[in-house]
1. Would you please name the residue that is farthest from GLU191 (Cα to Cα), looking only at residues in segment 43-80 that are of a type in the set (Val, Ile, Thr) and assigned to a helix (DSSP H, G or I)?
2. Within segment 116-132, does at least one residue satisfy the condition of being out of contact with any helix residue (DSSP H, G or I) (no Cβ under 8 Å at 6 or more places or on another chain), surrounded by 13 or more Cβ atoms within 10 Å (Cβ to Cβ), in contact (Cβ under 8 Å) with a residue 40 or more places away in the chain and of a type outside the set (D, E, K, R)?
3. Name the residues in segment 200-217 that are part of a loop (DSSP other than H, G, I, E, B) and hydroxyl-bearing (Ser, Thr, Tyr), would you?
4. Has segment 68-89 got at least one residue that is β-branched (Val, Ile, Thr) and over 30 Å from GLU226 (Cα atoms)?
5. Test SER49 against the criterion of being surrounded by 14 or more Cβ atoms within 10 Å (Cβ to Cβ) and of a type in the set (Ser, Thr, Tyr), and give yes or no.
6. When the residues of segment 339-391 are narrowed to those that are among the charged types (D, E, K, R) and under 22 Å from the mean Cα position of the chain (by Cα), which ends up modelled with the highest pLDDT?
7. Between residues in segment 371-385 that are at positive phi and residues that are of a type in the set (A, V, I, L, M), which pairs lie under 8 Å by C-beta distance while being six or more apart or on different chains?
8. Checking the conditions here, which among ARG201, ARG225, ARG149 is within 18 Å of LEU253 (Cβ to Cβ), among the basic types (Lys, Arg), more than 12 Å from the chain's Cα centre (by Cα) and surrounded by fewer than 23 Cβ atoms within 10 Å (Cβ to Cβ)?
Amino acid sequence: MSISKEELARRLRAAREACHLTQEEIALRLGVSRSTIAQMEGGKRAVSSLELDKLAYLYGRDIRVLLADEFREEDALAALFRLHPEVSQKEDILAALRESVGLGREVTNLERLLGIERDRAALPLYLVRPAQSRWQAVRQGEHAALEERRRLQLGDAPLPDVAEVLESQGVRTAQLLLPEDLSGLTLFDPEIGPFVVVNNREPGHSRLRRRFSHAHEYCHVLLDREQKGTISWTSERDTFLEVRANAFAAAFLMPRAGVQDFVRGLGKGLVSRLQADIFDEEEAEPVQTRPDAGTQTLQMHDVVLVAHHFAVSRLAALFRLKNLGFLTQPELDALKQQECDGVGRKLERLLGLPESEAAAARGEFRHRFLALGLEAFRRGEITRSKLRELAEMVRASPPELDDVLALSGLGVDDDVPRRVR
């Protein structure tokens, strides 16, 4: 049944307040007076379909939700506004959040149309107390990473594509152009489910950094679901929540035992003195040896190999090696300087290291998103104009889309859903 004008007015006001936006701010964005917004929210003025569409976008809501029989006062975007009220004054962040929520809803709808079900029942929630120190946050993150690797039976080997790991656990993922200071965000919505978005703005957010960001956000999914959403600003990396997520990502991508085994395979990582007690049933005879001086010190070429093996950036490998005790602080500083001087990049080319399969396994998010859209169009579940709208969301050009449709035999230039027979 249709809702009354008064009920729509109440919902519009509730949606605006949930986003911490004032009537003046909404009026400015719509190009109308504040009194016009007040009349809309008071049920004294009708709201056109165009105005309703714009308001739904500003509030991060699906227009169908605003008109549905039942209405939730708070959704994923509203929860983020409640936790981070300061974002209401940052238009670039607002635009990124709206785009993320809209994309999440479209993915959900496409999967529903195509009969794709996600099993979220197996996704665990690790209950931890709020960290009281950076060290405790690190320990919590590393422990959760170890337990999750055990649960997923990943062993100590390098991970395959991290985004695929998340998808296999019922977590939707996407890659979008976000503001430079935003590495990723995690949304929790009853309709969308857990939804992770990472920044793909290059060169700052390279493929390897996105791999780390996926693991970082996965920590928020596993440990911070009660927050209903998180925003990962690089400028807030020192907060306990972000320290924990970064520690999780490092341990999830580079497990302690796996790194130790690989470094030993390079002939490094031995203790300064090796000792064994040889027992002959009567007494033990100690046998000792000491590696030659300097032979156990990790060099930049070792770091390049570690980074390539685990498909992480060289900087991420450096800090993980330091935290695992393979590097002293002076050694870390010296190797970081070499990395800044371009030594790591030159060594990678010299060694002829191809891009690791783990890093290159997953293409851009838009590949899968557009494939879902094309299949929904082929089945007649969506119109051609809806397909164009979806393509624009992931910055695929209309000529590019039309060319694909024509080559695949789907270039019917109409806007009527066609059912597959």
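1. Filtering segment 43-80 down to residues of a type in the set (Val, Ile, Thr) leaves 47, 63, 65.
In the following step, the residues that additionally are assigned to a helix (DSSP H, G or I) were identified as 63, 65.
On the way: ILE63: 14, VAL65: 11 Å.
Within segment 43-80, the match that is farthest from GLU191 (Cα to Cα) is ILE63.
2. No.
3. Listed by number, the list holds a single entry, SER206.
4. No - not one qualifying residue is present in segment 68-89.
5. no
6. Within segment 339-391, the first condition is being among the charged types (D, E, K, R), and the residues that meet it are 339, 341, 345-346, 348-349, 355, 357, 362, 364, 366, 368, 375, 378-379, 381, 384, 386, 388-389.
Filter again for under 22 Å from the mean Cα position of the chain (by Cα), leaving 355, 357, 362, 364, 366, 368.
Details: GLU355: 67, GLU357: 56, ARG362: 50, GLU364: 56, ARG366: 70, ARG368: 80.
So, considering only residues that are among the charged types (D, E, K, R) and under 22 Å from the mean Cα position of the chain (by Cα), the one modelled with the highest pLDDT is ARG368.
7. What qualifies is GLY380/VAL420.
8. When all the criteria are applied, what remains is ARG149.
The values are calculated or read from the model by the stated rules, or taken from the named source; none is laboratory data. Everything numeric in this text was worked out from a predicted model, so none of it was measured. All Cβ positions, even for glycine, are placed from backbone atoms using ideal geometry, and neighbour counts span all protein chains on display.
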